[in-house]
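All remarks here apply to the structure that follows.
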Amino acid sequence: MPHIAVLDPGTKVPELHNHNRLSLASPLPTTFHLPAIHGMDSVYRIQDDIAGIVVFGSGASVHDDEPWQREMNAWLLPRLQTLPTLGLCYGHQLLAHLLGGEVGYLFEDHHKLRGVRQVPLTADPLWGEACTGPMVVSHGEIVTRLPPETVLRGSSETCPVEAFAHERLPIWGFQPHPEATTQFTTNNGIPFDDDPAILAHGWSFVDRFTAMVAAGVRDGSRRS
C-alpha cells in the first residue's frame, strides 16, 4: 500500500507524538522509522511502496558521519530524484547537505536556540501565498549555503535560511519544527508558554505536504 515514510533520526527519544499527529492528519498511511536507534531494516522492508518521505529532527549533526548516517544517506540520496521529500530541522539541514549545500553552526559556542519564533515565508506552490507565523525552534546549526537548483523560501534575522524548495523536484526544507506538538516541546526542554493553538500554523505546512503526496498517488504522478 502506498504510504509516507517518516524517518526519525533522533538518537535518544523517538518523537512519537509528532508522528502520531502527522499520521492522524495524513490522507495516506504513514510508517515510522528510527535509523539512529534501530537501523534501516524497517525501511528496507517497505521501501517499494513509499510515496513520500518526511525526515524529522535530531540531536546529531550532518557532519558527524556516524555509520547510521552513512547508511541512511546512501538510501535517501537517490530517492530525492523521484519521491516528494520534506525535511524538518535536522532533516532540512540533511537535504541541503546531500544536495550540495553547506551547514554550519549558528553560534560560535555551538549553543542552541529553543523556543518559538515568527517565521516569514515567501509564496510557494505547496502552501500558496507568502505568510508569517509562529513555529517551534530548537537548533544550533543552520544551512549556510543553499544547494544548487534550490530557492530560498524563508529568511529571518536569526536564521538566513528558514526554508527552501527545489526548483524542479518536490523537495522542501524547514529549519524550524512545523511538526512540533506540546509533547515535543516538553521532551526537548523548549520554553513554550503560548496557547497550543498556535502550533496549528506549522502543522498546516506538514499537512499540505502529505495531501500533495496523496494527490500524486491518486493521479499516478508521484509513485516510485
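The values are calculated or read from the model by the stated rules, or taken from the named source; none is laboratory data. Keep in mind it's a predicted model, so treat the numbers as computed, not measured. Virtual Cβ from ideal backbone geometry, glycine too; neighbours counted across all protein chains shown. Only protein heavy atoms, including side chains, enter the accessible area calculation; ligands, DNA and RNA are left aside. Shrake-Rupley method; radii C 1.70, N 1.55, O 1.52, S 1.80 Å.
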Point to revise | Per residue Cα convex hull volume in Å³ - calculated over the range 63-147 | key: 114
Point to revise | Spacing of the two label points (7 Å from each Cα toward its C-beta) at I198 and V13, in nm | key: 2.0
Practice item. Report in % the part of the accessible area of the range 20-118 that belongs to carbon and sulfur, leaving out ligands and nucleic acids; probe 1.4 Å. Key: 48
**Study point:** the range 1-94 - accessible surface per residue (Å², probe 1.4 Å)
**Key:** 40
Exercise for review: Provide the three semi-axes, in whole Å and in decreasing order, of the ellipsoid equivalent to the chain as defined by the square roots of 5 times the Cα gyration tensor eigenvalues.
Suggested key: 23, 20, 18
Practice item. Multiply the residue gap between T122 and S42 by 0.36 nm, knock off their C-alpha separation, and tell me the result in nm, one decimal place. Key: 25.2 nm
Practice item. Give the residues of the range 139-166 whose amide nitrogen is closer than 13 Å to a point set 7 Å from the Cα of H110 in the direction of its Cβ. Key: 140-141
Practice item. Highest first, please rank the peptides 78-84, 106-112, 13-19 by the mean number of other Cβ atoms sitting within 10 Å of their residues. Key: 13-19, 78-84, 106-112
Point to revise | Contour excess over end-to-end distance, with Cα ends at L24 and N73 and 0.36 nm allotted per residue | key: 14.9 nm
Practice item. Can you run the Rg to Rh ratio on the range 1-119? Use alpha carbon positions and the Kirkwood inverse-distance Rh. Key: 0.96
